[in-house]
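The values are calculated or read from the model by the stated rules, or taken from the named source; none is laboratory data. Just so we're clear, the structure is a prediction, and the values are computed from it rather than from any experiment. Don't worry about glycine lacking a Cβ; one is built from the backbone with ideal geometry, like all the others, and counts go over all protein chains shown. These area figures cover heavy atoms from the full protein model, side chains too; ligands, DNA and RNA do not enter into them. Shrake-Rupley method; radii C 1.70, N 1.55, O 1.52, S 1.80 Å.
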Amino acid sequence: ERVGPQAIRYLPSEDPNALLLPDNRLEPAERRWQKIFVALPWLTFAVMLAAPLLLVYGNLPFLQQRAEQQRQVAKRPAEVKVAGFQVVNFGQMPDVLERPFPTMLLLFHPATYASKVFLPAMQYFDRLLRQGHLPVSVAALDLTASPVPPDSFMWQYPGAGAPHLQLILPRSMDGEAGVVDYDGLWSSRALSAAACGLAGPAAELPPEEVEALGLKIQRMRDLLFDLLFLEEPQPVQASRWQRWFGRQDAAATERRRRQVVQELVDGIDIHSGLEAAIASCEAALAKLREA
């Protein structure tokens, strides 16, 4: 039973499968909002579906251009002139890490025995790489040069344990350089194998040159060992007063020996190549024997 003209709004619909209510049951504003609320979820779904596709389509030329640039950069090391040997400080390390070719980085402390051997040896090794046309550079980080590395870095690579060797691989991690600690033998053959591994499977160095480097490294080691531990300066002649009233102070003699040896060791030229370092050691030994 009807109660007023608006009662028809609440009667069952003539078509029970209709999505929308008949217009004759709604006010003009209700008709408009009914269409908006029905269409809005579908519009939202369409936008969510189309947005990723539009983003990919819009950025596809940029992504393709970037991929092409990376492919070109990957081919560039064979064409780019490889940097020569260089001693750097910690502030110059970003330049080393951004090189487009692999780098063998020697971390050295000028006062350590092994650093005095391998700093000039790596200079000689760099010359072998250039002669063999291997796209691998060699650099050396002076742990005492200003600005000095932070304490966290020095804790990981202490100066007393120097030298350390790192292998820097360009664009190995999301376009950034990767750094790998070298854990092989400190010999000419092992260093040559590491460099060839960085350059590629077909890279190799002349075996006779590698052997010659090994002999020079051993020669440098022997000279330094003789200078530090075997050779002693000539004893100072005791005065007549000392011969009459006592012996020469043994502690003073030892201090004098250490001072002379340290001055000679500090004067060794380790920055001009392996041949210059060997000649400098031989000259230091000659001076010690004449002292």
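Using a 1.4 Å probe on the protein chains only, how many percent of the accessible area of the stretch 161-201 belongs to carbon and sulfur?
54
When a/c is below 1.5 the answer is rounded, else prolate if a/b is larger than b/c, else oblate, so apply that to the stretch 98-225 with a ≥ b ≥ c taken from the square roots of the Cα gyration tensor eigenvalues.
Taking the square roots of the gyration eigenvalues as a ≥ b ≥ c, the stretch 98-225 is oblate.
Show me, for the stretch 59-69, the HN-Hα J-couplings you get by feeding each phi into the Karplus relation (A = 6.51, B = -1.76, C = 1.60, θ = phi - 60°), rounded to Hz, glycine and proline as x.
Those phi angles translate into 9, 4, x, 5, 5, 5, 5, 5, 5, 5, 5 Hz.
Of the listed peptides 203-210, 14-21, what is their order by residue-averaged count of other C-beta atoms within 10 Å, with the highest listed first?
Averaged packing, sorted descending, gives the order 203-210, 14-21.
Across the stretch 46-51, in residue order, what do the Karplus-derived ³J(HN,Hα) couplings come to in whole Hz, using 6.51 cos²θ - 1.76 cosθ + 1.60 with θ = phi - 60° and x for Gly and Pro?
3J(HN,Hα) across the stretch 46-51, in whole Hz: 5, 5, 5, 6, 7, 4.
Using the heavy atoms of the protein chains alone and a 1.4 angstrom probe, what is the accessible area of the stretch 69-222 per residue in square angstrom? Kindly include the intermediate steps, with their values, before the conclusion.
Values: 7850 Å² over 154 residues.
Averaged over the residues of the stretch 69-222, the accessible area is 51 Å².
At 1.4 Å probe size, put ARG66, ARG25 in order of accessible surface, largest to smallest.
Reading off the accessible areas and sorting them downward yields ARG66, ARG25.
Tell me the net charge near TYR113. Cut-off is 14 Å between Cβ atoms, TYR113 excluded, with +1 for each Lys or Arg and -1 for each Asp or Glu.
Details: positive: LYS116, ARG221; negative: ASP222, ASP226, ASP266.
That sum, taken over residues with Cβ under 14 Å, equals -1.
Among 144-155, 128-139, 49-60, how do they line up from the highest to the lowest mean number of other beta-carbon atoms within 10 Å?
128-139, 144-155, 49-60
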